[in-house]
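Trainee: Right, I'll just put the structure down here and ask away after.
The values are calculated or read from the model by the stated rules, or taken from the named source; none is laboratory data. Being a predicted model, the structure only gives us computed values, none of them experimental. Don't worry about glycine lacking a Cβ; one is built from the backbone with ideal geometry, like all the others, and counts go over all protein chains shown.
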Amino acid sequence: MISHLRGTVHRRKPEEITVDVNGVGYGVSVPITVWDELKEGKEATLYISTYVREDRLALFGFLDDAGRILFERFIGMTGIGPKHALELSAVPKSLLMQAIGSQEPKLLTSVKGIGKKTAEKLLVDLKALAQKQPEIFGAGDLQLEVRATDQDVIDALKNLGYDTSSILNVLKNLPREFKTTEERVAAALRSI
């Protein structure tokens, strides 16, 4: 099994890269947040989750081992395949912690393809994981406060046609000075 790859990154299309390791190109699927971090032509190390089925061999890459563990936890759940797990892996850990703390599945249902029942199962599993291995969510991320208006912002931007992972990535970087839903939507639109 491949546990990590270190090589030159070639971005293909969103969520797909090729990592050139000594002349061998490995196709790797990555969350959009990781894709944004990786620079074309630069060297990078990715922690790999190898997904093997009778008709498929796929590599999924993450910037740290915690991202890989979280992804593998997602695909281990009934009803979550690698595509949905990759989408869920793009959700900032602070927002996952907010959903776990409030036991509110609405944040997770905003991810494409995740229904209410699946989101409720995910919350139970993520809560157990957060209690067992809090380091996966990062000590710093546990301290972040996410505003209640963020769900309204997510809904508004989704209605405008933006995908969930891009929205969540922009939300985590919005300055604290924007307090109302309207201010946060406007600031997010300027950032997308």
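Trainee: Does LEU95 satisfy the condition of being assigned to a helix (DSSP H, G or I), within 19 Å of ARG176 (Cβ to Cβ), at pLDDT 75 or above and not basic (Lys, Arg)? Steps first, answer last, please.
Mentor: Numbers: assigned to a helix (DSSP H, G or I): yes; within 19 Å of ARG176 (Cβ to Cβ): yes; at pLDDT 75 or above: yes; not basic (Lys, Arg): yes.
In short, yes.
Trainee: Suppose we keep only residues that are among the polar types (S, T, N, Q) and surrounded by fewer than 16 Cβ atoms within 10 Å (Cβ to Cβ) within segment 19-64. Which one would you say is farthest from PRO82 (Cα to Cα)? Walk me through how you get there before you give the answer.
Mentor: Filtering segment 19-64 for residues among the polar types (S, T, N, Q) gives 22, 29, 33, 45, 49-50.
Now restrict to residues that are surrounded by fewer than 16 Cβ atoms within 10 Å (Cβ to Cβ): 22, 45, 50.
On the way: ASN22: 27, THR45: 21, THR50: 11 Å.
Once the filter is applied, the top-ranked residue is ASN22.
Conditions (1) out of contact with any strand residue (DSSP E or B) (no Cβ under 8 Å at 6 or more places or on another chain); (2) under 24 Å from LYS132 (Cβ atoms), marked per residue:
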| site | (1), (2) |
| --- | --- |
| MET1 | no, yes |
| ARG6 | no, no |
| ASN22 | no, no |
| LEU59 | no, no |
| MET97 | yes, yes |
| LYS106 | yes, no |
| LYS117 | yes, yes |
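Trainee: Still on this structure, I have one more. Please enumerate the residues belonging to segment 118-139 that are assigned to a helix (DSSP H, G or I) and touching a residue at least 24 places away in the same chain (Cβ under 8 Å). Let's see the steps before the verdict.
Mentor: Filtering segment 118-139 for residues assigned to a helix (DSSP H, G or I) gives 118-132, 134-137, 139.
The answer is THR118, LYS121, LEU122, LEU123, ASP125, LEU126, LYS127, LEU129, ALA130, GLU135, ILE136, PHE137.
Trainee: Would you point out the residue of segment 72-119, among those that are in contact with a Pro (Cβ under 8 Å, 6 or more places away or on another chain) and of a type outside the set (A, V, I, L, M), that is surrounded by the fewest Cβ atoms within 10 Å (Cβ to Cβ)? Write out each step before concluding.
Mentor: The first filter runs over segment 72-119 and keeps only residues in contact with a Pro (Cβ under 8 Å, 6 or more places away or on another chain), leaving 75, 86-87, 89-90, 99, 116, 119.
Applying the additional criterion that residues be of a type outside the set (A, V, I, L, M) yields 87, 89, 116.
Working: GLU87: 22, SER89: 27, LYS116: 11.
Applying the filter and picking the extreme gives LYS116.
Trainee: Say we look at segment 102-126 and pick out the residues that are among the charged types (D, E, K, R) and under 18 Å from GLY79 (Cα atoms); which of these is nearest to the chain's Cα centre (by Cα)?
Mentor: Residues of segment 102-126 among the charged types (D, E, K, R): 104, 106, 112, 116-117, 120-121, 125.
Right, trim to under 18 Å from GLY79 (Cα atoms) and you get 106, 112, 116-117, 120-121, 125.
Details: LYS106: 16, LYS112: 12, LYS116: 18, LYS117: 20, GLU120: 18, LYS121: 18, ASP125: 16 Å.
The selected residue is LYS112.
Trainee: Within segment 1-39, restricting attention to residues that are assigned to a loop (DSSP other than H, G, I, E, B) and more than 17 Å from LEU63 (Cβ to Cβ), which residue is modelled with the lowest pLDDT?
Mentor: Just the residues of segment 1-39 that are assigned to a loop (DSSP other than H, G, I, E, B), to begin with: 1-3, 14-15, 22-23, 30-31, 38-39.
Imposing the further condition that a residue be more than 17 Å from LEU63 (Cβ to Cβ) reduces the set to 1, 22-23.
Working: MET1: 80, ASN22: 93, GLY23: 93.
Filtering segment 1-39 for residues that are assigned to a loop (DSSP other than H, G, I, E, B) and more than 17 Å from LEU63 (Cβ to Cβ), the one modelled with the lowest pLDDT comes out as MET1.
Trainee: Starting from residues that are under 17 Å from the mean Cα position of the chain (by Cα) and modelled with pLDDT of 50 or more, keep the ones in segment 135-152 and report whichever is farthest from ASN169 (Cα to Cα).
Mentor: Filtering segment 135-152 for residues that are under 17 Å from the mean Cα position of the chain (by Cα) and modelled with pLDDT of 50 or more, the one farthest from ASN169 (Cα to Cα) comes out as GLU135.
Trainee: Here's a follow-up. Taking segment 12-43, which residues are farther than 20 Å from LEU70 by Cα and among the acidic types (Asp, Glu)?
Mentor: ASP20, GLU40, GLU43
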